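Q: Dropping the structure in here first, questions after.
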Amino acid sequence: MASTLHTAGSKIWQTLASIKTGVVLLILTVIVAAAGTVILQRPNTEADEMQAAYSPQILRLLDATRLTDVYHAWWFVLLLFLVSCSIIAASIERFPNAWRFYSRPYKRPDESFRKALRVQALVPVRDEDEGLAAAERTLKASGLKPETLIGFEHASLFAEKNRMAEMAVFIVHTSLLLIFLGGIVDALFAWHSSIDLTQGQQSAQLQLKSGAVKTLPFAIRCDAAGRENYPDGSPKKWWSKLAVVENGRDVLTKEITVNDPLVYQGVRFYQSSFGSNGKVEKLTLNAHPNQGADLTKPVAMGQGETVAIDADTTVQFAQFIPDYVVSDGQVYTRSAQAENPAAHLIVTSLKTGKRVNVWIPPIEGFDQTSESPYRFDVQDLKMGYFTGLQVSHEPGQWAVWGGVLLMGVGLGFVFYLSHVRFWVMPVRDARGHTQLWVGGMANRNRDAFEQRFGDVVEKIKLELEAGAADVEQEVSALAGD
């Protein structure tokens, strides 16, 4: 039984550690993530827009398979987990050999290694020391730092560059793990909401997209908001001055715009909209007596407020309809935009207790201005507004962005750095002649490396020829003396 479990576990481990498994899982993850950018996603898309985009049958299928909420689907989280496990298993399997290769580079090539090496050349030399000296100068001129190794029979040279490139794959693996970790954390713990605030209003409760209520450990308050327009009247910028209130005091204030959110305790508040809330902040009227002297009296009040016009008369701002329409003997509102506004006032006589309904503008069948001691005209109407905020908490984003940056570093090593190695060793041929064996290896861009290797060998030959010429001149000079 134990042997069977061990065999099954070993097969599972080998499957996870397989490069093919990792590639297949990674391709599936990319395909699904791409589908999430093409298919409209809940809850960010309104229900009406979803129904307009897809037929009822297709929409039911997409909802059933969670393709309308890909990044929070259980199977997508499972897919990210499996990819992460595959990357971890592949890294564990390959890291010991890679680290051994990195920490203890092979510097002394034996005969079997020299025979098997693909890129190599033999350069005839008269003297071992002369040949090694020429090779050392050439390697230094090529930007390498050759190391002289003293052996039992003879010395040799070893030079390398960009050894760190051998570990680049593990940097990329780590970056992918960070990205997937961030995706899993966000899928499990992230939430999104929206909230509308009027000036001076604060709230610590949010209605999540799922319908649940989220209570924050602090409150957010709107101190001011506004909109800047282009000359043609189209909106240029929305802004809001927000304050974070914690334990009864303001701990952070900031003016936010669309692309500049307020962030506190990992919660982001984005500016998303601005508009009228359909309520009047202040209505300024002129009251004119219907009888007697025409003595204009200014009246200013907010919605629901009652003020005195004179000692015997009060007026109440009972109702404001921003876009009114009369239907079936009732006054209705069509929208929150002040397209066709109407104000309902109640004028009360304190002596008789009589209440008169006054509408501005007069609405036939509802207005009783003729029975009112005063008639009114509007001087100013200051509408209330709301600022719309998108609120999100995505604790995995730091891991995602960290992974993206680390991947840039890893891919930079992979694509722009190549680990190159050179070995130089004096050997003897079958007739006992001394030769300089030169070998080289690169972990990538091998065609370019072979050309570079050929250039290095040619330069070694030129160095040897120059050295031989110098010796001949010295001999000739001594002979002449």
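The values are calculated or read from the model by the stated rules, or taken from the named source; none is laboratory data. These numbers were taken from a predicted model, which means no experiment stands behind them. Cβ atoms come from the backbone with ideal geometry, glycine included; neighbour counts cover every protein chain shown.
Q: Looking at region 41-50, is at least one residue in contact with an Asp or Glu (Cβ under 7 Å, 6 or more places away or on another chain), of a type in the set (D, E, K, R) and modelled with pLDDT under 90?
A: Yes.
Q: Shifting gears a bit: Given (1) modelled with pLDDT under 90; (2) outside the structural domain of R268 (by TED's automatic domain parsing), identify the lone condition not met by A134.
A: A134 satisfies every listed condition except (1).
Q: While we're looking at this one, here's another question. Take the conditions modelled with pLDDT of 90 or more and not assigned by TED's automatic domain parsing to the domain that holds F317 and apply them to V258. Does it pass?
A: On the way: modelled with pLDDT of 90 or more: no; not assigned by TED's automatic domain parsing to the domain that holds F317: yes.
Here the answer is no, as V258 does not meet what is asked.
Q: Could you say which residue among V356, V424 is of a type in the set (A, V, I, L, M), buried (at least 18 other Cβ atoms within 10 Å of the Cβ) and more than 50 Å from the chain's Cα centre (by Cα)? Break it down stepwise before answering.
A: Working: V424 fails: more than 50 Å from the chain's Cα centre (by Cα).
From the options V356, V424, the qualifying one is V356.
Q: Within region 77-100, is even one residue over 28 Å from A442 (Cβ atoms), loosely packed, with under 15 Cβ neighbours inside 10 Å and either in contact with a Phe, Trp or Tyr (Cβ under 6 Å, 6 or more places away or on another chain) or of a type in the set (G, A, S) (or both)?
A: Scanning region 77-100, I find no residue that is over 28 Å from A442 (Cβ atoms), loosely packed, with under 15 Cβ neighbours inside 10 Å and either in contact with a Phe, Trp or Tyr (Cβ under 6 Å, 6 or more places away or on another chain) or of a type in the set (G, A, S) (or both), so the answer is no.
Q: Okay, moving on. Kindly indicate the residue of region 385-421 that is more than 21 Å from G183 (Cα to Cα) and of a type in the set (G, A, S) and also surrounded by the fewest Cβ atoms within 10 Å (Cβ to Cβ) among those meeting that condition.
A: Restricting to residues being more than 21 Å from G183 (Cα to Cα) and of a type in the set (G, A, S), the top hit is G412.
Q: Can you work out which of the residues in region 101-120 that are of a type in the set (S, T, N, Q) and more than 13 Å from M167 (Cβ to Cβ) is surrounded by the most Cβ atoms within 10 Å (Cβ to Cβ)? I'd like the intermediate steps shown before the answer.
A: First pass over region 101-120, keeping only residues of a type in the set (S, T, N, Q): 103, 112, 120.
Subset that is more than 13 Å from M167 (Cβ to Cβ): 112, 120.
Values: S112: 8, Q120: 17.
Once the filter is applied, the top-ranked residue is Q120.
Q: From A73, A141, A155, which residue is of a type in the set (A, V, I, L, M, F, W, C), farther than 20 Å from S418 by Cβ and out of contact with any strand residue (DSSP E or B) (no Cβ under 8 Å at 6 or more places or on another chain)?
A: Numbers: A141 fails: farther than 20 Å from S418 by Cβ; A155 fails: out of contact with any strand residue (DSSP E or B) (no Cβ under 8 Å at 6 or more places or on another chain).
None of the others qualify; the one that does is A73.
Q: While we're here: Any residue in region 337-355 that is touching a residue at least 60 places away in the same chain (Cβ under 8 Å) sitting within a Cβ distance under 7 Å of a residue that is in a loop (DSSP other than H, G, I, E, B) and crowded, with 19+ Cβ neighbours inside 10 Å? List the pairs, counting only those 6 or more apart or interchain.
A: Q337/P322; A338/P322
Q: Now for a separate question. I'm trying to understand the selection: among the residues of region 304-318, which are part of a loop (DSSP other than H, G, I, E, B) and either crowded, with 16+ Cβ neighbours inside 10 Å or in contact with a His (Cβ under 8 Å, 6 or more places away or on another chain) (or both)? Talk me through it step by step, then tell me what you get.
A: Within region 304-318, the subset part of a loop (DSSP other than H, G, I, E, B) is 304-305, 309-312.
I309, the sole residue that qualifies.
Q: Cβ-Cβ below 7 Å, separation at least six or inter-chain, first residue in region 167-193 and without any contact (Cβ under 8 Å) to a residue 24 or more places away in the chain, second surrounded by fewer than 18 Cβ atoms within 10 Å (Cβ to Cβ): which pairs?
A: Between residues of region 167-193 that are without any contact (Cβ under 8 Å) to a residue 24 or more places away in the chain and residues that are surrounded by fewer than 18 Cβ atoms within 10 Å (Cβ to Cβ), there is no close pair.
Q: I would also like to ask the following. Considering only region 33-52, I want to know if a residue exists there that is touching a residue at least 60 places away in the same chain (Cβ under 8 Å), under 29 Å from L208 (Cα atoms) and in contact with a strand residue (DSSP E or B) (Cβ under 8 Å, 6 or more places away or on another chain).
A: yes
Q: Does at least one position in region 243-260 carry a residue that is in contact with a Ser or Thr (Cβ under 8 Å, 6 or more places away or on another chain) and of a type in the set (K, R)?
A: Checking region 243-260: not a single residue is in contact with a Ser or Thr (Cβ under 8 Å, 6 or more places away or on another chain) and of a type in the set (K, R).
Q: Residue check: is A133 aliphatic (A, V, I, L, M) and surrounded by 18 or more Cβ atoms within 10 Å (Cβ to Cβ)?
A: No, not satisfied.
Q: Specify the residue that is surrounded by the fewest Cβ atoms within 10 Å (Cβ to Cβ); the eligible residues are those in region 215-238 that are at pLDDT 90 or above and of a type outside the set (S, T, Y).
A: Here the residue is P217.
Q: Out of curiosity, is W423 touching a residue at least 12 places away in the same chain (Cβ under 8 Å) and assigned to a strand (DSSP E or B)?
A: yes
Q: Follow-up question, since we're still on this one. Yes or no: E281 part of a strand (DSSP E or B), surrounded by 13 or more Cβ atoms within 10 Å (Cβ to Cβ), at pLDDT below 85 and of a type in the set (D, E)? First the steps, then the outcome.
A: On the way: part of a strand (DSSP E or B): yes; surrounded by 13 or more Cβ atoms within 10 Å (Cβ to Cβ): yes; at pLDDT below 85: yes; of a type in the set (D, E): yes.
Against the criterion (part of a strand (DSSP E or B), surrounded by 13 or more Cβ atoms within 10 Å (Cβ to Cβ), at pLDDT below 85 and of a type in the set (D, E)), E281 qualifies.
Q: Ok, one more. Looking only at residues in region 147-162 that are modelled with pLDDT of 90 or more and of a type in the set (D, E), which one is surrounded by the fewest Cβ atoms within 10 Å (Cβ to Cβ)?
A: E147
Q: Which of (1) assigned to a strand (DSSP E or B); (2) touching a helix residue (DSSP H, G or I) at 6+ places or on another chain (Cβ under 8 Å); (3) β-branched (V, I, T); (4) in the same structural domain as V258 (by TED's automatic domain parsing) does V356 not meet, given it meets every other one?
A: (4)
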